[in-house]
């Protein structure tokens, strides 16, 4: 009974997270005097450019999945194409529903565990993927900080501060992921120090529980170290494709805004300008502790892209952008989760019948 109650609460929380984002867009629509022309603006948009925006959004999933497949191939981890695709979309789904996008990686590990992948190997996949993805984020954001110095100064002190903080946090996260990937012994020691800290402050009270946690951590890190070692025995043949896939995933995600921009018959700013500007917005809101960056993303879009879109086009552009970079994650992720659940139920039913 208690488990059912917790499950319902979890569902309600996810629904509320989505409703918050809808509520923020509704508030922006109510305050925007030009929102009445949204129908006309969307009707005049060029469909081929908007289709290009949709393709870019989908290709960001594809490149993430290619990273997953490539790591499995290199590290000799057996996962089918459907399992890799489902694990990828589970990550996007839970990233959209958790603050600072922290839920995707743990749920991917849990998903892969259900496919028979050891926790250590699953952890190595998610961490290596994250490092490759973060490499793309930091690289593009660094170029943006250099090239767009004047637009950043024009954003105002508050927005500029948020962008700089977001950039600094992304750098630190990338360094942590890189050290953890290249030096599993450091990660093992760090994890044990964290457990010792919890025991010292009586968060872990029982000695048996502490010993069990340390033993479990050692097992996980043993699998993780083996998977990482196998990964890097392939050297550049293993690392460079992953960095490329991570870079392309970010480029496709950021290019959605440019295709929407062109879809409204705008062409004053070149592709690199829009993409780099979008990288600054994404970097600024990625670590704000709100699920999906609800509120911060919508408001940030108005502030950052106010000079690119006219007042009449600002809300339609923001609406399309959120649909393709946020709600599409939830929709497609949910489809894969449901299909995966049906497949598992079918296999259980078949096993029971046999």
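The values are calculated or read from the model by the stated rules, or taken from the named source; none is laboratory data. Computed from a prediction, not measured in an experiment: that's the story for all the values here. Positions of Cβ are backbone-derived with ideal geometry, glycine not excepted, and every protein chain shown enters the neighbour counts.
Of all residues in the range 261-276 being in contact (Cβ under 8 Å) with a residue 60 or more places away in the chain and not in a helix (DSSP H, G or I), which is farthest from residue 318 (Cα to Cα)?
Pass one, the range 261-276, residues in contact (Cβ under 8 Å) with a residue 60 or more places away in the chain: 262-265, 272-273, 275-276.
Still in the running and not in a helix (DSSP H, G or I): 264-265.
Values: 264: 12, 265: 16 Å.
Selected residue: 265.
Is there a residue being surrounded by fewer than 20 Cβ atoms within 10 Å (Cβ to Cβ), part of a helix (DSSP H, G or I) and modelled with pLDDT of 80 or more anywhere in the range 225-238?
Quick first cut of the range 225-238, residues surrounded by fewer than 20 Cβ atoms within 10 Å (Cβ to Cβ) only: 225-226, 229-230, 232-238.
Okay, now just the ones that are also part of a helix (DSSP H, G or I), so 225-226, 229-230, 232-233, 236-238.
From the residues that got through so far, the ones that are modelled with pLDDT of 80 or more too are none.
No, every residue in the range 225-238 fails to be surrounded by fewer than 20 Cβ atoms within 10 Å (Cβ to Cβ), part of a helix (DSSP H, G or I) and modelled with pLDDT of 80 or more.
Does residue 142 count as assigned to a helix (DSSP H, G or I) and either at pLDDT below 85 or touching a helix residue (DSSP H, G or I) at 6+ places or on another chain (Cβ under 7 Å) (or both)?
Values: assigned to a helix (DSSP H, G or I): yes; either at pLDDT below 85 or touching a helix residue (DSSP H, G or I) at 6+ places or on another chain (Cβ under 7 Å) (or both): no.
No; evaluated as a whole, the condition is false for this residue.
Out of 301, 315, 305, I need the residue that is surrounded by 21 or more Cβ atoms within 10 Å (Cβ to Cβ), more than 22 Å from residue 166 (Cβ to Cβ) and modelled with pLDDT under 85. Which one? Lay out the reasoning, then the answer.
Numbers: 301 fails: more than 22 Å from residue 166 (Cβ to Cβ); 305 fails: more than 22 Å from residue 166 (Cβ to Cβ).
Unique residue meeting the criteria: 315.
Evaluate the following for residue 106: is it closer than 22 Å to residue 78 by Cα and either in a helix (DSSP H, G or I) or modelled with pLDDT under 80 (or both)? Don't jump to the end; show me each part of the working.
Numbers: closer than 22 Å to residue 78 by Cα: yes; either in a helix (DSSP H, G or I) or modelled with pLDDT under 80 (or both): yes.
Yes: the conditions hold for residue 106.
Picking from 82, 93, 63, 12, which residue would you name as being over 20 Å from residue 241 (Cβ atoms) and at pLDDT 90 or above? I'd like the intermediate steps shown before the answer.
On the way: 93 fails: at pLDDT 90 or above; 63 fails: over 20 Å from residue 241 (Cβ atoms); 12 fails: at pLDDT 90 or above.
None of the other options fit; the residue is 82.
I'd like the residue in the range 160-175 that is touching a residue at least 12 places away in the same chain (Cβ under 8 Å) and more than 13 Å from residue 141 (Cα to Cα) and, out of all such residues, is surrounded by the most Cβ atoms within 10 Å (Cβ to Cβ).
Top of the filtered list is 162.
In a helix (DSSP H, G or I), closer than 30 Å to residue 242 by Cβ and modelled with pLDDT of 80 or more - does that describe any residue in the range 34-51? Working first, answer last.
Narrowing the range 34-51 to residues in a helix (DSSP H, G or I): 35-44, 47-51.
Next, from what is left, pick out any that are closer than 30 Å to residue 242 by Cβ: 51.
Retained after the next criterion (residues that are modelled with pLDDT of 80 or more): 51.
Yes, there is a match, as at least one residue in the range 34-51 is in a helix (DSSP H, G or I), closer than 30 Å to residue 242 by Cβ and modelled with pLDDT of 80 or more.
Residue-by-condition table, conditions (1) assigned to a helix (DSSP H, G or I); (2) modelled with pLDDT of 85 or more:
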site: 151; (1), (2): yes, no
site: 162; (1), (2): yes, no
site: 170; (1), (2): yes, no
site: 174; (1), (2): yes, no
site: 190; (1), (2): yes, yes
site: 195; (1), (2): yes, yes
site: 205; (1), (2): no, no
site: 214; (1), (2): yes, yes
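Out of 107, 89, 79, I need the residue that is buried (at least 19 other Cβ atoms within 10 Å of the Cβ), closer than 25 Å to residue 278 by Cβ and either in contact (Cβ under 8 Å) with a residue 24 or more places away in the chain or in contact with a helix residue (DSSP H, G or I) (Cβ under 7 Å, 6 or more places away or on another chain) (or both). Which one? Spell out how you get there, then give the answer.
Details: 107 fails: closer than 25 Å to residue 278 by Cβ; 79 fails: closer than 25 Å to residue 278 by Cβ.
Only one candidate passes the filter, namely 89.
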